[in-house]
C-alpha cells in the first residue's frame, strides 16, 4: 500500500453564504470530500487563533506544538519549533523504518544548501531538510517529477521562470506518477491560505477551482493500492469576512485501503501522524 497525502493550508468548515467560497458551485470535489470527512480540532487546548507554524508542526510530529510553544505560532517556525521538527517528524520516521518518502512540491532552487541558507523556512522545508532524498528541485519540475505549489508554475514567472506552464489536470497526473514510485508522498498547497487572507472572493474562487480540478484528477486516477489523505491546519478561506484565521474545525479525508483506520478516533491535528505510522508500519520499527 502507498499513501498520497495532500495538505491544503487554511481550509475549514464554515457557514454557507456569500463570505464562504468553499461551496459546490466553486469546488464540488473538495466539498464532497469534506462532507464525508472527520472534523479535526485545531485549537489544541491553547487560547488564541490557530496558526500555521504550530498547526503544521503538530500534524507532522504528533506533538501538540502549540502547547510546547505556550501559544499558537504564525508563519515560519522559530528555534523551538525547528528543534521539535528536526528531532522527529513524519518524513524521518518513515525513512528510518525503511519506507521511500517524497515531498512532491518542487523548490525553485537547485540544492539543499541553497534551501538551508534561506532565512525563512516553512515547516515542510525544515522537515524535508532532515531526511535524505525527499526534496525535489527545479530540474525535477521541468522533467515532470515534481509539481510547483501553485500547480501551474505561474507563481514563479515573477522570479524569472520562462519555461512551459501546465494545467491543474496535468499537475494531478504528475503527482499520481510520483506517488506510484514511493511508499509515502506529500503534496502541499498553500494558496488557499493566501487567498483567505486577501478577503478577495474572485481570487479565492480562482484558487479553489484550480485546486478542485487537481483533486478531481487525483481521485479519478487513484489505483486500488493507494490511500488518499487530505487535511488542513486551520480555517481561513471559508470565512472571507475576516482577514485572520478562524476557530473552525478542518477536514481529515481518507479514501482507499485502510481509510477507516486513519479516521477512527481522530479528533485533532495530533492524531494524523500516529494513525499514519500505525498503518504504514504495522510491525513497528524493524530497523533497530
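The values are calculated or read from the model by the stated rules, or taken from the named source; none is laboratory data. Worth saying up front: this structure is predicted, and the values here are computed from it rather than measured. Don't worry about glycine lacking a Cβ; one is built from the backbone with ideal geometry, like all the others, and counts go over all protein chains shown.
Just a few scattered comments:
- Selected residue (criterion: modelled with the lowest pLDDT) from residues of segment 267-288 that are over 18 Å from residue 186 (Cβ atoms) and assigned to a loop (DSSP other than H, G, I, E, B): 288
- For segment 181-217, a residue qualifies if it is touching a strand residue (DSSP E or B) at 6+ places or on another chain (Cβ under 7 Å) and either surrounded by fewer than 19 Cβ atoms within 10 Å (Cβ to Cβ) or within 27 Å of residue 279 (Cα to Cα) (or both), and the qualifying residues are 182, 183, 184, 185, 186, 187, 188, 189.
- Close pairs (9 angstrom Cβ cut-off, 6 or more residues apart or separate chains): free of Cβ contacts under 8 Å to residues at least 24 places away in the same chain in segment 256-270, surrounded by fewer than 16 Cβ atoms within 10 Å (Cβ to Cβ) anywhere: 261/278
- Complete set of residues in segment 163-210 that are outside any helix (DSSP H, G or I) and free of Cβ contacts under 8 Å to residues at least 40 places away in the same chain: 163, 164, 165, 166
Per-residue answers, yes or no, for (1) in a loop (DSSP other than H, G, I, E, B); (2) in contact (Cβ under 8 Å) with a residue 12 or more places away in the chain; (3) buried (at least 16 other Cβ atoms within 10 Å of the Cβ); (4) in contact with a strand residue (DSSP E or B) (Cβ under 7 Å, 6 or more places away or on another chain):
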position: 5; (1), (2), (3), (4): no, yes, yes, yes
position: 12; (1), (2), (3), (4): yes, yes, yes, yes
position: 23; (1), (2), (3), (4): yes, no, yes, no
position: 43; (1), (2), (3), (4): yes, yes, yes, no
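- Of all residues making up segment 224-238, the number that are out of contact with any helix residue (DSSP H, G or I) (no Cβ under 8 Å at 6 or more places or on another chain), surrounded by fewer than 24 Cβ atoms within 10 Å (Cβ to Cβ) and at pLDDT 95 or above: 1
- Matching residues in segment 25-41 - criterion: being out of contact with any strand residue (DSSP E or B) (no Cβ under 8 Å at 6 or more places or on another chain), part of a loop (DSSP other than H, G, I, E, B) and in contact (Cβ under 8 Å) with a residue 40 or more places away in the chain: 26, 27
- For segment 93-120, filtered to residues that are in a loop (DSSP other than H, G, I, E, B) and out of contact with any helix residue (DSSP H, G or I) (no Cβ under 9 Å at 6 or more places or on another chain), the residue that is nearest to residue 61 (Cα to Cα) is 98.
- Selection from segment 75-87 of residues that are buried (at least 17 other Cβ atoms within 10 Å of the Cβ) and at pLDDT below 95: 76
- In this structure, residue 63 does not qualify as touching a helix residue (DSSP H, G or I) at 6+ places or on another chain (Cβ under 6 Å) and surrounded by 15 or more Cβ atoms within 10 Å (Cβ to Cβ).
- Taken over segment 239-262, residues that are surrounded by fewer than 20 Cβ atoms within 10 Å (Cβ to Cβ), within 16 Å of residue 227 (Cα to Cα) and in contact with a helix residue (DSSP H, G or I) (Cβ under 8 Å, 6 or more places away or on another chain) amount to 3.
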